[in-house]
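This report refers to the structure that appears directly beneath it.
The values are calculated or read from the model by the stated rules, or taken from the named source; none is laboratory data. Everything quoted here is computed from the prediction, not taken from an experiment. Cβ atoms come from the backbone with ideal geometry, glycine included; neighbour counts cover every protein chain shown.
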Amino acid sequence: MSIKSDHWIRRMSEQHGMINPFEPGQVKHGSDGNRIVSYGTSSYGYDVRCSNEFKVFTNINSTIVDPKRFDPGSFVDVVGDECIIPPNSFALARTVEYFKIPRDVLVVCLGKSTYARCGIIVNVTPLEPEWEGHVTLEFSNTTPLPARIYANEGVAQMLFFQSDEVCATSYADRGGKYQGQTGVTLPRT
């Protein structure tokens, strides 16, 4: 298994639609010229953007968080250029980018250092071979203060690992429950 470079990521995205929309370089400034949290192709990965759709966790219903019986009322929907996450809470969002992962590739996501240094942890499970969709992002605010996430800016880096052999059973073969997801997707069982 080997990690893939910017050349491979660019080729797979342009020829096979692996990442859409795809940014072949690193974008560090917004349309107004101001600095932003960067996104786009990096040396050995791709920095994804967060869309403007958020679900902020709230405990107004005093619900128990249960992945088998998840209460969608535990979230407040927010649409905007930024999202404020309450102290010691979390929010869900999705990537701007839609992914189509090749059968011999596994993608691992890590948070960007800009957010990590602010106590904001980005959590994403691996993107398995032949999975496709918008990636649901989870942002944990580990601080005792409110934290801000910016829409349409970089939030996490995807690292692509290509195997020497094709897997016997892909996510698509298993009929994975998150296949083809769009929007912010809540837990399913």
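So here's what we get for this one:
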read-out	value
Identity of the residue in the range 1-32, closer than 20 Å to Tyr98 by Cβ and of a type in the set (Asp, Glu), that ends up surrounded by the fewest Cβ atoms within 10 Å (Cβ to Cβ)	Glu14
Residue that is modelled with the lowest pLDDT, among those in the range 121-131 that are surrounded by fewer than 18 Cβ atoms within 10 Å (Cβ to Cβ) and farther than 20 Å from Val78 by Cβ	Thr125
Elements of type strands (runs of 3 or more DSSP E) in the range 99-166, at least 2 residues being in contact with a Gly (Cβ under 7 Å, 6 or more places away or on another chain)	120-123, 132-141, 154-162
Odd one out for Thr189 among (1) in contact with a Lys or Arg (Cβ under 8 Å, 6 or more places away or on another chain); (2) part of a strand (DSSP E or B)	(2)
The range 152-181 residues that are among the acidic types (Asp, Glu), paired with ones that are not in a strand (DSSP E or B) (beta carbon under 7 Å, 6 or more apart)	Asp164/Met1
Any strands (runs of 3 or more DSSP E) falling wholly within the range 18-70 and containing at least 1 residues that are of a type in the set (Phe, Trp, Tyr)	35-42, 45-49, 53-57
Residue check, Ile19 touching a Leu at 6+ places or on another chain (Cβ under 7 Å) and either of a type outside the set (D, E, K, R) or over 30 Å from Asp173 (Cα atoms) (or both)	no
Near pairs, Cβ below 8 angstrom, 6+ apart or cross-chain, from the range 57-76 (under 15 Å from Leu186 (Cα atoms) and of a type outside the set (Phe, Trp, Tyr)) to any residue that is at pLDDT 75 or above and not in a loop (DSSP other than H, G, I, E, B)	Thr58/Ser74; Thr58/Phe75; Thr58/Val76; Val65/Ser74; Ser74/Phe57; Val76/Lys55; Val76/Val56
Candidate set from the range 33-78 (those that are surrounded by 15 or more Cβ atoms within 10 Å (Cβ to Cβ) and of a type in the set (D, E, K, R)); member that is nearest to the chain's Cα centre (by Cα)	Arg49
Condition broken by Arg94, with the remaining ones in (1) under 30 Å from Gln15 (Cα atoms); (2) touching a strand residue (DSSP E or B) at 6+ places or on another chain (Cβ under 8 Å); (3) outside any strand (DSSP E or B) satisfied	(3)
Condition met for Cys118 (within 26 Å of Ser42 (Cα to Cα) and buried (at least 19 other Cβ atoms within 10 Å of the Cβ))	no
Positions within the range 79-109 being among the β-branched types (Val, Ile, Thr) and either closer than 18 Å to Val124 by Cα or surrounded by 17 or more Cβ atoms within 10 Å (Cβ to Cβ) (or both), in sequence order	Ile85, Thr95, Val96, Ile101, Val105, Val107, Val108
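So that you can scan it fast, the table gives a plain yes or no per residue for (1) surrounded by fewer than 19 Cβ atoms within 10 Å (Cβ to Cβ); (2) over 20 Å from Ser43 (Cβ atoms); (3) more than 11 Å from the chain's Cα centre (by Cα):
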residue	(1), (2), (3)
Thr114	yes, no, yes
Thr142	yes, yes, yes
Ile149	no, yes, yes
Leu159	yes, no, yes
Gln162	yes, no, yes
